[in-house]
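S.K.: If you scroll down you'll find the structure; I have some questions about it.
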Amino acid sequence: VMRVKFTWLAAGLVAAVAGFTSGSAAAECAAGKTEVVRTNPAGKTHTICVSENAQGGQETAADNGAFVVASFTPLGYLPGGETTSRAEALSDDASVVVGSAPPDATYRYRAAVRWTETEGIVRLESDATRSNALDVSGDGSTAVGWVIYDPKSSRSEAARWTDSGGTDHLGYLPNGTHSLAYGVSADGSVIVGESSGTDGQEAFRWTEADGMGGLGFLPYKDSDRSSAYDVSSDGSVIVGLASVLISPVAKSTVAIRWTTEEGMVALGGNLSAAYGVSADGSVIVGRTGSATTGYQEAFRWTEADGMVGLGFLPDSNYSIAYDVSGDGSVVVGISSIIASKVSTALRWTEADGMQPLQGLLEAQGVDLTGWDLHTVTAVSDDGMRMVGWGRNPDGLEEGWLATLPLP
């Protein structure tokens, strides 16, 4: 778990605390930042420089006098494409966010993007017809996703983008014609996803040394499809789904966990899938068929407790967990009424259960007037930084970055 010492997150980038005293101190703020005096719950004040576009809230004292400020930052759009943007993943310190956005208002396809406070949103792949960035390494140096170059084709190829520049194409498994990269390890060395073609769809694990290797399928019930959606920090535990035959004529999916020692193991559930895994691989989250509503329900899995349903937000009958913090204590995702097709971003903790993220931010003093937060896709290792998208006050879909102290 990362401890932030004498820093705080505003608009996604760590800003230095200019003063920390029993009274306010003068701050020398860089261009684009404003001096603000904050008071913590213990009554101490300090002066900090905040981004002018950050919507800040209350702050919570942490270890050794450090502070985490509740805040919300809209991420904007690519120039000329002010119609929609989505945030999919963030680095450990939230200084780098990746996702997608259309490059112009008439362009109906998305482009993979990277966001930082200093640069805003920039395209990662300028030559591709379509692309998407779905995950980023802990230090923000490696983003992964997919690219398509032929405007008349849907043939995607798994890709990575690094600080050194350019796009690395990861290829396909044998007989593959499509591939997608969904997850990357903390140091960027292990990438996971799926490759499909004439032999079906199979989860893969990619490294620089070994290239793309298939992870196979479950060794029973005619399993012939698998996908890998996330990977532990060191690349040793991979989670996703695999197909299983549930009747002579019907198939379903089951959440899976893969390791070198055990191979692919089913975690249980019906129509289940695993989307996120903790840093050490011990906590897994996703969705499974709900015995209560008959729809999908978010779950949290551990070796000791197995698959435990996390329930739904009030007046909802559908939920999915997309990601989990490094220590497994914070889960994020969506809950909705299945018929409405409109979701609500959620955060789950053992202390407070499942709650709407928007309400939690507003309770911390963050002004979200006109916003409707629909989806939270990822959470940082420390559990306090989240990204997703929603409807902004103009009624447009826009990606965002939020910081919320732990309960």
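S.K.: Taking the stretch 345-377 on its own, how many of its residues are open to solvent by 50 Å² or more (accessible area, probe 1.4 Å) and either in a strand (DSSP E or B) or within 23 Å of V283 (Cβ to Cβ) (or both)?
M.R.: 6
S.K.: Identify the single condition in (1) modelled with pLDDT under 95; (2) more than 20 Å from I148 (Cβ to Cβ) that D210 does not satisfy, given that it satisfies every other one.
M.R.: (1)
S.K.: Could you grab me the full set of residues in the stretch 224-251 that are of a type in the set (G, A, S), open to solvent by 10 Å² or more (accessible area, probe 1.4 Å) and assigned to a strand (DSSP E or B)?
M.R.: S247, A250
S.K.: For the stretch 125-138, enumerate the residues that are assigned to a loop (DSSP other than H, G, I, E, B), at pLDDT below 95 and touching a Ser or Thr at 6+ places or on another chain (Cβ under 9 Å).
M.R.: Result: E125, D127, A128, T129.
S.K.: Still on this structure: Here is a list of conditions, (1) open to solvent by 10 Å² or more (accessible area, probe 1.4 Å); (2) outside any loop (DSSP other than H, G, I, E, B), and V332 meets all of them except one; can you say which number that is?
M.R.: With respect to (1) open to solvent by 10 Å² or more (accessible area, probe 1.4 Å); (2) outside any loop (DSSP other than H, G, I, E, B), V332 is out only on (1).
S.K.: Based on this model, can you work out whether G145 counts as part of a loop (DSSP other than H, G, I, E, B) and open to solvent by less than 20 Å² (accessible area, probe 1.4 Å)?
M.R.: no
S.K.: I need the full set of residues from the stretch 274-301 which are in a loop (DSSP other than H, G, I, E, B) and among the aliphatic types (A, V, I, L, M), in order please.
M.R.: If the condition is that a residue be in a loop (DSSP other than H, G, I, E, B) and among the aliphatic types (A, V, I, L, M), then A279, V283, A291 are the ones that fit.
S.K.: May I pose another question? Scan the stretch 198-212 for residues that are open to solvent by 30 Å² or more (accessible area, probe 1.4 Å) and not acidic (D, E) and jot them down.
M.R.: Within the stretch 198-212, T198, G200, Q201, R205, A209, M212 meet the criteria.
The values are calculated or read from the model by the stated rules, or taken from the named source; none is laboratory data. Since the structure is predicted, the reported quantities are computational estimates derived from the model, not experimental observations. In this analysis, Cβ positions are derived from the backbone assuming ideal geometry, glycine residues included, and neighbour counts consider all displayed protein chains. Side chains included, ligands, DNA and RNA excluded: accessible areas come from the protein's heavy atoms. Shrake-Rupley method; radii C 1.70, N 1.55, O 1.52, S 1.80 Å.
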